[in-house]
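So the structure is just underneath, and the comments pick up after that.
Each reported figure results from applying straightforward, stated rules to the coordinates on display, with no laboratory input. The structure displayed is predicted, hence computed values, not measured ones. Methodologically, a virtual Cβ is constructed for each residue, glycine included, from the backbone with ideal geometry; neighbour enumeration extends over all protein chains shown.
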């Protein structure tokens, strides 16, 4: 009876082992091709390393991009900075306009006083 239990094949375990071996072989081939491309391009070590580490990435296809809502902007920091800059710019413009108006009102009063002979020295 002990020999019959050893003779039983666990097909699910065998399938998992086969899938793991296939993935490992695909990874090896993909990385080896990337290494050969990097060597033929005569890149630096950092570029070589980056090419090998990114060899699993594939470009997006048109169908991947169509109809998909953009969930994240390309550079969220830029958008925050831009909004802050726009707000600051609007505030600065308002301050400059206020200063300009104040200066013009003061100059207009001086012109009025001068033209009417009003002495500023009291």
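To the nearest 0.05, how large is the calculated FRET efficiency for residue 62 and residue 15 if R₀ is 25 Å and r is the Cβ-Cβ distance?
0.10
Ranked highest first by average number of other Cβ atoms within 10 Å, how do 34-44, 10-20 line up? Don't skip to the end; give the middle numbers.
Numbers: 34-44: 12.3, 10-20: 9.6.
By packing density, highest mean first, the sequence is 34-44, 10-20.
How far is it, in nm, from the label point at residue 30 to the one at residue 53 when both lie 7 Å from their Cα along the line to the Cβ?
Distance between the two pseudo-spin positions: 1.6 nm.
By per-residue mean of other Cβ atoms within 10 Å, what is the highest-first order of 96-103, 62-69? Please list the in-between numbers first.
Numbers: 96-103: 10.0, 62-69: 7.4.
So the order, starting with the most tightly packed, is 96-103, 62-69.
Of all the Cα-Cα pairs you can form in the range 12-58, what percent are over 17 Å apart?
Here the tail beyond 17 Å accounts for 42 percent of pairs.
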